[in-house]
Amino acid sequence: MSKKILGLDLGSNSLGWALLSADDKERPNGLIDMGVRIFPKAVEDKTPTPCAPAP
């Protein structure tokens with residue numbers, strides 16, 4: 001069975017990922033797939049208050 005490595009990058013406005021194949025010693029040796037999802041800003045530019053309405 002081939003080994004795989006999943007790498008994640010969690011940002012404030014985005015989520016990035018990469019799936020790599022690995023050898024028996026768990027060293028990366030190939031890129032299987034990768035992607036990114038970008039979300040709208042959660043806070044306004046000049047004020048640190050969330051854009052979501054108050055409960």
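Only the coordinates and a few stated rules stand behind these numbers; no lab work does. Note that this is a predicted model, so its numbers are computed, not measured.
If the segment from residue 10 to residue 32 were pulled out straight at 0.36 nm per residue, it would be longer than the present Cα-Cα gap by 6.0 nm. For region 3-14, 3J(HN,Hα) computed residue by residue from phi via the Karplus equation (6.51, -1.76, 1.60; θ = phi - 60°) reads 8, 10, 10, 10, x, 10, 10, 9, x, 6, 10, 8 Hz, glycine and proline entered as x.
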